[in-house]
Every structure is written in C-alpha cells, then in structure tokens.
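Read the structure below first, then the notes.
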Amino acid sequence: HFSGEVSYYADSLAGHATASGRPYDPNLATAAHRDLPFGSVLRLRRVPDGPSCLVVVNDRGPFGKKSRVLDVSGAAADALGLRRAGVAEVEVEVLYRPAKKRRP
C-alpha cells in the first residue's frame, strides 16, 4: 500500500505511444507509475472515503512533484471523480505485480 496525489492524462494524448509501447486510450483504465512493472494491477481509492477503481500500469510517470504518485487515464479519472478536481489524494493497493523477467 502507498498513498499520494493522482492526476490524469488529457484526452488529447489519445493514440500517442506510452512507455510500454501501447497507444494511450482514454477509454481504458490505465495508469503511469515511476517504477512498478508494466501489467501491474492497482486498486485506487480516493480518500477519505471516495470512489475506487482498478487500473493497469502501462506507462511511466508522473514526472515533477514527488507527492504525485500516479497519472491515470480519462476512464479512471471519471471513475474516481477527478475531472473537476484535477488532482486528488488516493490510497493505492497493488493487487498484482508481474514477476521480473530473467535474462537467459
């Protein structure tokens, strides 16, 4: 578990490549994290007792403020009620973290 601020990607970035190589789709529940492996599944809950959603990590970021722990897609922003606020405090639970691939 960890917590911090979350913000969201502009829909205008739709189609742009993410760090995982997949295009950004604002209709999918995805997120950017600085170092969790791509494919990690996270449960986000807006604090103190707001809505929650699941996201899959497919990008790197956010860059800048250390208090900002995730950037999320438009779909995740809508689920969390972020569109008006722009930034909100969330609790993050890592539900699944892919194993690191070993090199042969």
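Odds and ends about this structure:
- Just one of (1) closer than 17 Å to His1 by Cβ; (2) open to solvent by 10 Å² or more (accessible area, probe 1.4 Å) fails for Pro51. It is (1).
- Matching option when the condition is assigned to a loop (DSSP other than H, G, I, E, B) and under 27 Å from Lys100 (Cα atoms), among Ala31, Ala19: Ala19
- Count - residues of region 12-48 that are of a type outside the set (A, V, I, L, M) and either open to solvent by 70 Å² or more (accessible area, probe 1.4 Å) or modelled with pLDDT under 95 (or both): 11
- The set of residues in region 1-11 being small (Gly, Ala, Ser), open to solvent by 60 Å² or more (accessible area, probe 1.4 Å) and part of a loop (DSSP other than H, G, I, E, B) is empty.
The values are calculated or read from the model by the stated rules, or taken from the named source; none is laboratory data. This structure is a prediction, so every number in the text was calculated from the model and none was measured. Glycine gets a Cβ as well: all are built from the backbone with ideal geometry, and neighbour counts include every protein chain shown. Just the protein is used for accessible areas: all its heavy atoms, side chains included, with ligands, DNA and RNA removed. Shrake-Rupley method; radii C 1.70, N 1.55, O 1.52, S 1.80 Å.
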